[in-house]
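Rule-based calculations on the coordinates, nothing more; no lab input. Computed from a predicted structure; not experimentally measured. Note that we place each Cβ from the backbone using ideal geometry, even for glycine, and neighbour counts take in every protein chain shown.
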Amino acid sequence: MKITVLGIGNILLKDEGIGVRAIEHLKEYDLPKQVELIDGGTATASLFPIFAETDHLIVIDAVKGKMPPGTIYRLGSNDLMPPKGASISLHDLGLLEALDMAKKIGKAPKSVVIFGIEPKEINWGMELSPEINKKLPQIARLVIEEIKRLLKNHYSQEIYDKLIK
């Protein structure tokens, strides 16, 4: 089983880079060998081969949902299409297209979960706003809980206990 955690975003636009910054933060954790961390930047359409070779995909990205900055959304595959009339970013469009291509050839991940973080500032700058930066440990905790859930559903308790230390 392979779990891919993909961070998406533009680190030149402050909180828009939350996905990439979350991947950098997750590299500090001792994750099971079944987990691959990928900095997807803004080039999600080119990630099609990765989507076709993973069993479970966890995406971290900035999401504008009109809630207070730092709000964390958990979206499933049924939530991926934006409501009619809503705008999506260019990298979101690439993500949807790449997932659709993988699905069309029968190689889509079995599950897709997106952790979206409501940004505070999307303007020039390489640092996250303080409000969003302090959410990194919580984002990591949610991603790790998702990884544990996927592993527990796939492996026996004995194997799971060896994977999760």
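Hey, any hits in region 17-29 for a residue that's closer than 13 Å to Lys2 by Cα and in contact (Cβ under 8 Å) with a residue 24 or more places away in the chain?
No, that holds for no residue.
Please go through region 104-141 and pick out each residue that is in contact (Cβ under 8 Å) with a residue 60 or more places away in the chain, outside any helix (DSSP H, G or I) and among the polar types (S, T, N, Q).
Passing the criteria: Asn123, Ser129.
Is it the case that region 116-128 has a residue that's touching a strand residue (DSSP E or B) at 6+ places or on another chain (Cβ under 8 Å), surrounded by 17 or more Cβ atoms within 10 Å (Cβ to Cβ), of a type outside the set (Gly, Ala, Ser) and closer than 20 Å to Asn78 by Cα?
Checked against the condition, which is being touching a strand residue (DSSP E or B) at 6+ places or on another chain (Cβ under 8 Å), surrounded by 17 or more Cβ atoms within 10 Å (Cβ to Cβ), of a type outside the set (Gly, Ala, Ser) and closer than 20 Å to Asn78 by Cα, region 116-128 yields at least one hit.
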